[in-house]
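Report on the structure given below.
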Amino acid sequence: VGTAILELCRALSAEDRGCDFSVLAAWPGMFDDCAGRPGWTVVPCDGARGGTLRKAWFLQVRVPQLVRRLGGDLLHSLQFLAPLGGGVPLVTSVYDLAWLEHPDTVERSRRLYYRLVVPGSLGRSRAILAASRATADELARNFPHLADRIRVTPLGVPRWARDAGPRQAEPGDGGYFLFLGALEPRKNLVRVLDAYARVLEGRGPDKTPDLVLAGPEGWRDGAIRDRLEGLGGSGKVRTPGYCQPREMSTLFKEALALVFPSIHEGFGLPILEAMAQGVPVLTSDRGAMAEIAGQAALLVDPENTAALAGALGRLVDEPGLRRDLSAAGIDRVRAYAWATTAQATVEAYRSVLEGQGLRF
């Protein structure tokens, strides 16, 4: 979500939109690219950092105060939590609804907080911006009375992946399967590890690419850690932890394929990051992942371990398939640009403000 917020602000600030913007930022350094733009102000909000209760107090009490002090005409909540009061029209972005669609994959405390606040946040919103058609459909199913306020505003390719461009050649014998994301239940990593173990057992370590799980520690990762420990003796699975964009670019250059068969995603930025660099993608045959990948990825039932193992084997054995997926992915990402996201966002602002009798 942090990447999406940053990229949207960069795209909005890239040209004159006919209005001024104030970014309320817990981590203002993230928005240095925007701070120097005409009409853009970044407001440090250190009080927004901390635990759930501290963040909730800041959102419900301090944000309305700051909006009034800044003379705001519209508030855009870039995460689906917003003040339940405040006076100005509200636009809300929704990146996923995992807490409703797959509640067992979200921490209980966070799930309860969302149940308390999100319905009111969305109910106050004059426009609700969904990151994908799949997320828009989930919103309409869970909040049918708000269906006419939902707009699909797909995300774009993160700058670092776009700037890196397609790699020049396939990796050699050192190529590996790459997963990118937090190590948490929603990412389906226990099944990925089970499928990988099947491939490893059937082919042997010398003929099986390594598996690299790159991302920060997540919540409820005990089962993942246990499965990793079981594979630890093979020396074939690596967990480098959280990676900065430069490190991710290096990881993608040597990857045989991205393995991203999540149970649920609201969009799936790693799919675009891989495709932008010509890396073949294996992902889920459902929801936003299938929507974003289209026909440019190898799609698999994420709950079928045997199918996952079979797809991993195909990626090893079929270089022609990898080449086809690489070329299709490079072509696919051309449809996803942050400039388009920014323009759709501005159109939502215009519609809301003009509905209030304000000129944009």
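Sort out which residues of the range 68-102 are under 26 Å from ARG186 (Cβ atoms) and in a helix (DSSP H, G or I), and write them in order of number.
Within the range 68-102, ALA98, TRP99, LEU100, GLU101 meet the criteria.
Residues of the range 323-333 being open to solvent by 30 Å² or more (accessible area, probe 1.4 Å) and of a type outside the set (Asp, Glu), which ones?
Once the filter is applied, which keeps residues that are open to solvent by 30 Å² or more (accessible area, probe 1.4 Å) and of a type outside the set (Asp, Glu), the range 323-333 yields ARG323, ALA327, ALA328, ILE330, ARG332.
Name the residues in the range 35-51 that are open to solvent by 70 Å² or more (accessible area, probe 1.4 Å) and under 25 Å from the mean Cα position of the chain (by Cα), would you?
PRO44, ASP46, ARG49
Can you tell me which of ARG167, ARG191, ARG203 is surrounded by 15 or more Cβ atoms within 10 Å (Cβ to Cβ), more than 26 Å from VAL106 (Cα to Cα) and in contact with a helix residue (DSSP H, G or I) (Cβ under 6 Å, 6 or more places away or on another chain)?
ARG167
Taking the range 206-220, which residues are open to solvent by 70 Å² or more (accessible area, probe 1.4 Å) and out of contact with any helix residue (DSSP H, G or I) (no Cβ under 7 Å at 6 or more places or on another chain)?
Within the range 206-220, ASP206, LYS207, GLU217 qualify.
Residue-by-condition table, conditions (1) in a helix (DSSP H, G or I); (2) not charged (D, E, K, R):
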{"site": "LEU6", "(1), (2)": "yes, yes"}
{"site": "GLY18", "(1), (2)": "no, yes"}
{"site": "ASP32", "(1), (2)": "yes, no"}
{"site": "VAL42", "(1), (2)": "no, yes"}
{"site": "LEU66", "(1), (2)": "yes, yes"}
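Name, by its number, the condition in (1) farther than 28 Å from ARG162 by Cα; (2) out of contact with any Phe, Trp or Tyr (no Cβ under 9 Å at 6 or more places or on another chain); (3) of a type in the set (A, V, I, L, M) that does not hold for LEU81.
(2)
Filter the range 341-360 for residues that are of a type in the set (Gly, Ala, Ser) and in a helix (DSSP H, G or I); which is surrounded by the most Cβ atoms within 10 Å (Cβ to Cβ)?
Filtering the range 341-360 for residues that are of a type in the set (Gly, Ala, Ser) and in a helix (DSSP H, G or I), the one surrounded by the most Cβ atoms within 10 Å (Cβ to Cβ) comes out as ALA342.
Does SER121 satisfy the condition of being over 17 Å from HIS264 (Cβ atoms), of a type outside the set (A, V, I, L, M, F, W, C) and not in a helix (DSSP H, G or I)?
no
Look at the range 87-117 and say how many of its residues are over 19 Å from the mean Cα position of the chain (by Cα), within 27 Å of LEU353 (Cβ to Cβ) and either hydrophobic (A, V, I, L, M, F, W, C) or open to solvent by less than 30 Å² (accessible area, probe 1.4 Å) (or both).
Number of matching residues: 5.
When you check ALA130 against the structure, is it crowded, with 21+ Cβ neighbours inside 10 Å, over 24 Å from PRO270 (Cβ atoms) and not acidic (Asp, Glu), yes or no?
No; evaluated as a whole, the condition is false for this residue.
The values are calculated or read from the model by the stated rules, or taken from the named source; none is laboratory data. Since this is a predicted model, take the numbers as computed values, not measurements. Note: ideal-geometry Cβ built from the backbone for every residue, glycine included; neighbour counts use all protein chains shown. Remember, those area values only see protein heavy atoms, side chains included, never the ligands or the DNA or RNA. Shrake-Rupley method; radii C 1.70, N 1.55, O 1.52, S 1.80 Å.
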